[in-house]
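Engineer: Let me give you the structure first, and then I'll get to my questions.
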Amino acid sequence: MRIDCKHVWQYISAYIEGEVDADLRAEIDKHLETCEICSAVLDSTRNVVVLYADERVFELPAGFSERLHERLDEEMEASGP
Amino acid sequence: MKNQPNADFESDCIRRILAGERQLFHELIRPCERPIFFLLMSILRNEAEAEDAAQETVIKVYRNLHLFRGESQFRTWALSIARNEGLGRLRKADSRREDSLEALSEGQGGDFTPAILTSWREVPTEALEQKELGALLRQAIDGLPEIYRNVVLLRDIEEMDVRETAAALGIAEGAVKVRLHRARALLQRALAPRLKAFAPKRGKLFGWGKGRKGGAGKDESR
């Protein structure tokens, strides 16, 4: 079974997650060995995910946690022992 | 590392809270704060509203703790309460729902072809010290249709598994996978061309001919 670039792109996410079956993975690996474009697409996709998933990118607003727990305390007091 | 909940700790905690140790709820809810806020931010698109909705959500979770059956993880349950809170506020505000527009794009063939490159130079996470990079990434995720943005948020950013993400968002597991794939394709396409500016330049010492991926050169980024 020969796999072309469009196929590889369809499976990129699943491939990254390790969710493609062994046969398909072998085909993709083989394709990647000789295809610069798909290798670059794979590497760039992985890199993009690693970057945006870094916890520095999405941070809670300053004081969010404190305000939340204060509100909780108020609620706990109001609802009584 | 994202704060991941511990299932044993959770069920024990819940039992004790319901038995009277209410203060423990502060600890129980902590790992849920980030995903609750960011999911609401994704739905409501406004920081102040999202914070208000997050507080309401947590109060509701607290008041209804006795109703939690343990059929899902606690965080999943808390997130579905958050989602309902967010959607409820949208309905009340009677604002134009993104959902209806984006539901259309689900079925239609959108263009999810990647940005075509012939090589890729790794951008290290150290580059995130540059504020512009974080801003660029946030902007790209913000620009996604909501249904894709929610999945990226829970799967990639909050590191939740497929099952939990599906339950929290009220969608099928298959839909989670398809949407994540499409979201990543859109993000790669939007970001890959612009990330080049943040990759370390190949140092003169190591840059002969075709360098290895990742580059061994000196990092000259700002």
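Each value in this text was obtained by applying a stated rule to the coordinates, not by laboratory testing. Remember, it's a predicted structure, so these values are computed and weren't measured experimentally. A quick note on method: Cβ atoms are made from the backbone with ideal geometry, for glycine too, and the neighbour counts reach across all protein chains shown.
Engineer: Which whole number gives the average count of other chain Cβ atoms within 10 Å of the Cβ atoms across peptide B:111-119?
Structural biologist: Averaged over the peptide's residues, the number is 5.
Engineer: Could you give the dipole magnitude of region A:5-78 about its Cα centre, charging the beta-carbon of Lys and Arg +1 and that of Asp and Glu -1, in debye to the nearest 20? Write down the numbers at each step before the final one.
Structural biologist: Values: 7 positive and 18 negative charges, 103 e Å.
With Lys and Arg at +1 and Asp and Glu at -1, about 500 debye.
Engineer: Next up: What is the P(r) of region A:31-81, as percent of Cα-Cα pairs per 10 Å bin from 0?
Structural biologist: Pair shares across the bins are 20, 21, 18, 15, 13, 9, 4.
Engineer: Then there's this: Specify which residue in the list A:Leu24, A:Ala14, A:Cys35 is farthest towards the positive end of the charge dipole of chain A, using unit charges on the beta carbon of Lys, Arg (+1) and Asp, Glu (-1), about the Cα centre.
Structural biologist: Value computed over the given set: A:Cys35.
Engineer: Let me ask something additional. Roughly how far apart, in whole Å, are the Cα centres of region B:143-166 and region B:22-67?
Structural biologist: 17 Å
Engineer: Looking at the P(r) of region B:7-95, how many percent of alpha-carbon pairs lie beyond 17 Å? Walk me through the intermediate numbers first.
Structural biologist: Working: 1779 of 3916 pairs.
Value for region B:7-95 (Cα pairs over 17 Å): 45 percent.
Engineer: Give, rounded to the nearest 20 debye, the magnitude of the charge dipole that the protein assembly as shown has about its Cα centre when Lys and Arg contribute +1 at Cβ and Asp and Glu contribute -1 at Cβ.
Structural biologist: 1120 debye
Engineer: Along the Cα-to-Cβ line of B:Ala175, 7 Å from the Cα, sits a label point; which residues in region B:117-153 have backbone N less than 16 Å from it?
Structural biologist: B:145-153
Engineer: Average projected area of the Cα convex hull of region B:103-198, in nm²?
Structural biologist: Its average projected convex-hull area is 6.7 nm².
Engineer: Right, here's the next one. Past 20 Å, Cα to Cα, is the threshold; run B:Lys60/B:Lys92; A:Lys30/B:Lys201; A:Lys6/A:Lys30 against it and keep the listed order. Walk me through the numbers on the way to the answer.
Structural biologist: Values: B:Lys60/B:Lys92 18 Å; A:Lys30/B:Lys201 30 Å; A:Lys6/A:Lys30 15 Å.
Where the Cα-Cα span goes over 20 Å, the pairs concerned are A:Lys30/B:Lys201.
Engineer: So how strong a dipole does region B:103-198 carry about its Cα centre when Lys and Arg Cβ are +1 and Asp and Glu Cβ are -1, to the nearest 20 debye?
Structural biologist: Approximately 340 debye in magnitude.
Engineer: Shifting gears a bit: For q = 0.16 Å⁻¹, what log10 I(q)/I(0) does the protein assembly as shown give under the Debye formula with an equal point scatterer on each alpha carbon and no solvent?
Structural biologist: Taking Cα atoms of the protein assembly as shown as identical point scatterers yields -1.30.
Engineer: Here's a follow-up. Using the Cα centre of region B:103-198 as origin and beta-carbon charges of +1 (Lys, Arg) and -1 (Asp, Glu), tell me which of B:Gly170, B:Ser119, B:Leu191 is placed farthest towards the positive end of the dipole.
Structural biologist: Of the listed residues, the answer is B:Ser119.
Engineer: Work out, step by step, the length gained on full extension between B:Gln23 and B:Asn84: first 0.36 nm times the residue separation, then minus their alpha carbon distance; give nm to one decimal.
Structural biologist: Using 0.36 nm per residue and subtracting the Cα-Cα distance, I get 19.4 nm.
Engineer: Restricting to DSSP H runs of at least four residues, report the calculated mean residue ellipticity at 222 nm for the protein assembly as shown, -39500 (n - 2.57) per run over all residues, nearest 500 deg cm²/dmol.
Structural biologist: -19000 deg cm²/dmol
Engineer: Take peptide A:57-68, look around each residue's Cβ out to 10 angstrom, count Cβ atoms belonging to other protein chains, and average those counts.
Structural biologist: 6
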